[in-house]
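To start, the structure under review is shown below, and the notes come after it.
Derivation of every value follows stated rules applied to the coordinates shown; laboratory data play no part. These numbers were taken from a predicted model, which means no experiment stands behind them. Note that we place each Cβ from the backbone using ideal geometry, even for glycine, and neighbour counts take in every protein chain shown.
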Amino acid sequence: MAAGSEALSYADRKSGSQVISLTGRNAIFRALCLSSAILVLAVLAGILIAMFIGGWPAFREFGLGFFTGSAWDTQNDQYGAWPAIAGTLSTAVIALIIGVPLSLGIAVFLTQLAPGWVRTPVATAVELLAAVPSIIYGMWGLFVFVPLFARFFQVPVSNLTEGLPIVGTILYSRSPTGLGVATAGIILAFMIVPFIASIARDMLAQIPTVLRESAYGIGCTTWEVVRYVLLPQAGVSIIGAIMLGLGRALGETMAVTFVIGNANRLSSSILDPGSTIASRIANEFNEALGLQMSALIATGCILFLVTFVVLVVARLLVARMKAL
Amino acid sequence: MKFRELAAVAGMTIVMMGSASAIDITGAGATFPFPLYSKWAEAYKAASGNGLNYQSIGSGGGIRQIKANTVDFGASDMPLKGDDLDKDGLAQFPSAIGAEVPAISVPGIEARQMKLTGPILADIYLGKISKWDDPKIKALNPDLKLPSAGINVVYRSDGSGTTFVWTDYLSRVSDEWKSKVGANTSVSWPIGVGGKGNEGVSATVKQIPNSIGYVEYAYAKQNKLSYALIQNKDGKFPVPEIESFQAAAANADWKSAPGFGIILNNQPGEKAWPVTSATFILMHKKSDKPDRATAALKFFDWAYSNGDKLASDLEYVPLPANVKDQVRAVWKSDIKDTSGKPLF
């Protein structure tokens, strides 16, 4: 009985589809696509509204001071997000400074310089890096990288910069534990390389061979080809790739929590421990109550806005480059 | 057709019988007693057929869940104060006792070799004592070869009952700590780096030479961490072990705080380990799910009677017998269903 009715409805639909006109089907297709798009926007708006409502008590209590304040005192219920915002931005910037040249190097090597038999294994290896769970980066960072970083970078650099103006502040650590903002930035760099490198590689590979060959034909060196022909061609897409990496660096939680040292204090040195918005939420959310919970949600809201601003700036940058 | 109906009825009866006889109690909260509760739950299931589903989401989460009445009991390492308990109509009682030790990683120094005092620990965590060969530490340890290295201070970065017990101890022994930092599940640390969870702290202490961090004793023992001794209120340096934790619990006046909410830090007694604390259970005084509340009380009654051996195996300290009797009396007098009938 059940099977029979299903067959019937199938036949119905089949004959029905011939009845519905082309424009009708088009309209259905359009509606489906539109509702998918609206769903994403609705979820996005829902998250933003929920976070804003959740964070409202903190915003109301501290006002603009919440953005600039640097206290995080659960004892007296005083909260300010600035150290976490600064930590988020500085780790992301360090990650980009290290990660972007590395990724572009990989992409150029894979598309221009590497012999054919090297390309596929290396490209696969880079893509596999993207599939490593972030907690593994965190564990590796804490157990392997942190002791090495303390011994071979933090201690010698701190000894060297002690007492010097500016670098003596930015690159000096009173207790060189290996944990800190710089460590987190380096681990993040490893994590965003696969994203930027594989997109940049795809973009470079898509550039018409004619362009490259003509450049070589007029006597350009490999460097000149990469610098003056390939990178300008792929420029817009590469900026897009970098922004994708930046997005990951801003929001990364687990790996950063392991290696940043989790200090809710503002420090002037990148070798000192700090915290990011995401790591602070990961650390404190479980046990937070009342205003502290609200302050955490409010920092989440700020991270949302920071990411949004970064994306808008990236869009504007891409648009300007296209116009040129 | 007939046969099918019969089978369905039989199946339903079996399901209903099953649900009537076995109740899976639900609980949520503190991570510290989680290994103990799961051990107890396993043995209790074998003995009674009733299970326990305990989620170790942290003390704060446990308090939230029991207030929202989504679990049969909540668990917290930080006792709630009397008016907090009254406000939400909660009853509170201890389930077991644990202790914390200062784990250290000073090259060449083994577990239990270094001696420290509470005020020194407070000064280390305040950043006032910053080298291992500080005169104050040297005076206590004349025979040890202390390095002239900076002390790397490590704390728990996640909100945690362990942090509450540690900072409460420091507040009791140092007025400066009390006024500048205070005691809570997370505080504004003046110096140091944070590790997430016991494992984060112990990994950091192990990885970075010349570090100090506080962990639960059970954790330090299982992971073979080196740790220092702390001077107690009587001026002695007891070895952290079940006997010294029990000594801390024995002298305590449990009736002095509502809901047995006393903190066992810095208790008098020659053998008392100074950083000791109980972990607590929260339940509603007026239960709208009396069957489940009764089942939870039965579970803890069983654990009080039969769980001491399991607890000591895991380095938790069972409650003294007189405290258990006091708790049972409170179950009888305080925990009732909505009509006021006692559940235990």
Original post:
Across 20 Å bins from 0, what is the distribution of all Cα-Cα pair distances for chain B, in whole percents?
Top reply: 30, 51, 16, 3, 0
Original post:
Under the definition of partner shielding as Cβ atoms of other protein chains within 10 Å of a residue Cβ, what is the mean value for peptide B:187-199?
Top reply: 6
Subject >> Dipole magnitude of the stretch A:62-323 about its Cα centre (Cβ charges: Lys, Arg +1; Asp, Glu -1), debye to nearest 20 >> reply: 560 debye
Original post:
Cα extents of the stretch A:173-268 along the three principal axes, largest first, in whole Å?
Top reply: 57, 24, 17
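For A:GLU252, what is the net charge nearby, where nearby means another residue's Cβ is under 15 Å from its Cβ and Lys, Arg count +1, Asp, Glu -1?
Local net charge: +3.
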Original post:
Any number yet on Rg/Rh for chain A, C-alpha, Kirkwood?
Top reply: 1.10
Subject >> Qualifying aspartates and glutamates (Cα of each under 12 Å from Cα of B:LYS67; at least 8 residues distant if same chain) >> reply: B:ASP84, B:ASP86, B:ASP88
**OP:** Apply the Kirkwood formula to the stretch A:114-248: the hydrodynamic radius equals the inverse of the mean of 1/r over all pairs of different alpha-carbon atoms; give it in Å with one decimal.
**Re:** 17.9 Å
Original post:
Which residue fluctuates the most in chain A, going by a Gaussian network model with Cα springs under 10 Å, if the choices are A:ILE187, A:ILE53, A:ILE297?
Top reply: A:ILE53
Original post:
For the stretch B:150-296, what D do you get in µm² per second when you plug the Kirkwood radius from alpha-carbon pairs into Stokes-Einstein at 4 °C and 1.567 mPa s?
Top reply: 76 µm²/s
Subject >> Taking the convex hull of Cα positions in the stretch A:82-127, its mean projected area over all directions (nm²) >> reply: 3.6 nm²
**OP:** Rounded to the nearest 10 degrees, what's the angle between the helix B:34-48 long axis and the longest principal axis of chain B, both from Cα atoms, 0 to 90?
**Re:** 30 degrees
Subject >> Residue exposure sequence - B:VAL323, A:VAL256 - by fewest surrounding Cβ within 10 Å >> reply: B:VAL323, A:VAL256
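What shape does the protein assembly as shown have by the C-alpha gyration tensor, where a ≥ b ≥ c are the square roots of the eigenvalues, rounded means a/c under 1.5, and otherwise prolate means a/b greater than b/c and oblate the rest? Present the calculation step by step, with values, prior to reporting the outcome.
On the way: a/c = 2.25, a/b = 1.22, b/c = 1.84.
Verdict is oblate for the protein assembly as shown.
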Subject >> Within chain B, longest stretch free of exposed trypsin sites (Lys or Arg not before Pro) [DSSP loop, at most 13 other beta carbons within 10 Å] >> reply: B:1-144
Subject >> Assigned charges on the beta-carbon of Lys, Arg, Asp, Glu; the protein assembly as shown dipole about Cα centre (debye) >> reply: 1060 debye
Original post:
Under 19 Å from the Cα of B:LYS332, which lysines turn up, not counting those fewer than eight places away in the same chain?
Top reply: B:LYS255, B:LYS285, B:LYS286, B:LYS289, B:LYS298, B:LYS324, B:LYS341
Subject >> Given charges at Cβ of Lys, Arg, Asp, Glu: the protein assembly as shown dipole, positive-most of B:THR31, A:ALA200, A:THR23 >> reply: A:THR23
Original post:
Using the count of nearby Cβ atoms within 10 Å as a rough guide to exposure, how do A:VAL259, A:VAL43, B:VAL187 rank from fewest to most?
Top reply: A:VAL43, B:VAL187, A:VAL259
Original post:
What per residue convex hull volume, in Å³, comes out for the stretch A:19-178 when only alpha-carbon positions are used?
Top reply: 285 Å³
Subject >> Check: the stretch B:141-261 dipole with +1 on Lys, Arg Cβ and -1 on Asp, Glu Cβ, in debye >> reply: 180 debye
Original post:
Within a Cβ distance under 12 Å of B:GLY194, other residues only, what is the Lys/Arg minus Asp/Glu net charge?
Top reply: +2
**OP:** Restricting to chain B, compute how many DSSP beta bridges are antiparallel as a %, nearest 5.
**Re:** 55 percent
Original post:
Which of the DSSP-defined H helices in chain A satisfy a minimum axial length of 15 Å, computed from C-alpha atoms, and a minimum mean Kyte-Doolittle hydropathy of 1.6?
Top reply: A:82-108, A:181-206, A:290-323
